[in-house]
Amino acid sequence: MADLEHRRALALFLRSRRERVTPDQAGIPAGPRRRTPGLRREEVAQLSGVSVTWYTWLEQARDITVSRQVLHSLARVLLLSPAEARHLFALAGEGAPVPPAVRREPGPALQRLVDALDPHPAYLVAPNWDLVAWNRAEAGLIGDPARWPEGERNLVRQVFLDPGLRELLVDWPGQARALLEQYRAEADRHLGDVSFGALTEELCARSEEFRCWWDTHDVAEFRSARREFAHPGAGRLVFDYLKLAAVDAPGLSLIACMPADEETAARLPELAGYAAGRG
């Protein structure tokens, strides 16, 4: 099976999912004097068709063999979403390719593409959500990322620690938590990567919301989403976010923001003008 760090991550993830499923959801009578939140280990083992000892070892991060059939059974019993099931398989080392080395420089052509998307906000991110490149419209929307020290140009970090972004995002709790769940999925796929470890440690120490949500072990994959902004100059702006892989720059993703209504589309030309004035 995977190395110790992956086994520990798998054990914590399984326990968090087990504690989330109620006996009623699993079709088990709760009974009196029940102290365990969610399902007991022996209940998961029975429903999955494995021995209690084997499942206990799995949650203890022992070095044991886990088949794809058993992983499918665990995903079914624990009521995992498709994204959570894929995360389970990745942690177990099944069907998850090794993440490619990330290129931190976008290259001239990719940078020109980001710039050419003006007046639509667009930017490039690494798997840990480090901002690698952005255009003037994006700088006008969230404030020029160049105002942050080079080592702090990370969207997850700024969403949780920058008061200006907290005010800018209309549904900050919902958007921040969705971002964290995507970041968590990437972090578990890049175990041992210091860029994730240092950022996670800092955010757990400095943000109560990040620490509480991180401990839930919830994960998600990126999906096109609608986000609303209360821009101090342009007013209400609503965008649909799209994510595209940059094939010639392994590990980098292009995020493009498309206006979701006519009012936002009409205000797009204004955004670049706010790039220098916000910070």
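The values are calculated or read from the model by the stated rules, or taken from the named source; none is laboratory data. Since the structure is predicted, the reported quantities are computational estimates derived from the model, not experimental observations. Glycine also receives a Cβ, built like all others from the backbone with ideal geometry; neighbour counts cover every protein chain displayed.
Answer yes or no: is there a residue in the stretch 230-249 that is in contact with a Pro (Cβ under 7 Å, 6 or more places away or on another chain) and over 19 Å from Leu155 (Cα atoms). Yes, the stretch 230-249 contains a residue that is in contact with a Pro (Cβ under 7 Å, 6 or more places away or on another chain) and over 19 Å from Leu155 (Cα atoms).
Evaluated against (1) surrounded by 14 or more Cβ atoms within 10 Å (Cβ to Cβ); (2) within 30 Å of Ile142 (Cα to Cα); (3) at pLDDT below 90; (4) of a type outside the set (Phe, Trp, Tyr), Pro100 falls short on exactly one condition, (1). The helices (runs of 4 or more DSSP H) located wholly in the stretch 1-89 that include 2 or more residues which are more than 18 Å from Arg184 (Cβ to Cβ) and free of Cβ contacts under 8 Å to residues at least 40 places away in the same chain occupy 23-26, 41-48, 52-59, 68-77. Suppose the filter is within 22 Å of the chain's Cα centre (by Cα), surrounded by 13 or more Cβ atoms within 10 Å (Cβ to Cβ) and not β-branched (Val, Ile, Thr); does Ser73 pass it? No: the conditions fail for Ser73.
Yes or no, residue by residue, for (1) surrounded by fewer than 19 Cβ atoms within 10 Å (Cβ to Cβ); (2) in a helix (DSSP H, G or I); (3) within 12 Å of the chain's Cα centre (by Cα); (4) on the phi > 0 side of the Ramachandran plot:
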site	(1), (2), (3), (4)
Ala139	no, yes, no, no
Phe160	no, yes, no, no
Pro173	yes, yes, no, no
Ala178	yes, yes, yes, no
Glu186	no, yes, yes, no
Arg211	yes, yes, no, no
His217	no, no, yes, yes
Ala220	yes, no, yes, no
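Taken as a whole, the structure places Ala187 among residues that are among the hydrophobic types (A, V, I, L, M, F, W, C), closer than 22 Å to Leu244 by Cα and at pLDDT below 95. Given the criteria surrounded by fewer than 17 Cβ atoms within 10 Å (Cβ to Cβ) and not in a strand (DSSP E or B), does Ala265 qualify? For Ala265, the condition - surrounded by fewer than 17 Cβ atoms within 10 Å (Cβ to Cβ) and not in a strand (DSSP E or B) - is met. Selection over the stretch 226-235 of residues that are free of Cβ contacts under 8 Å to residues at least 60 places away in the same chain, in contact with a strand residue (DSSP E or B) (Cβ under 8 Å, 6 or more places away or on another chain) and exposed (fewer than 14 other Cβ atoms within 10 Å of the Cβ) gives a count of 1.
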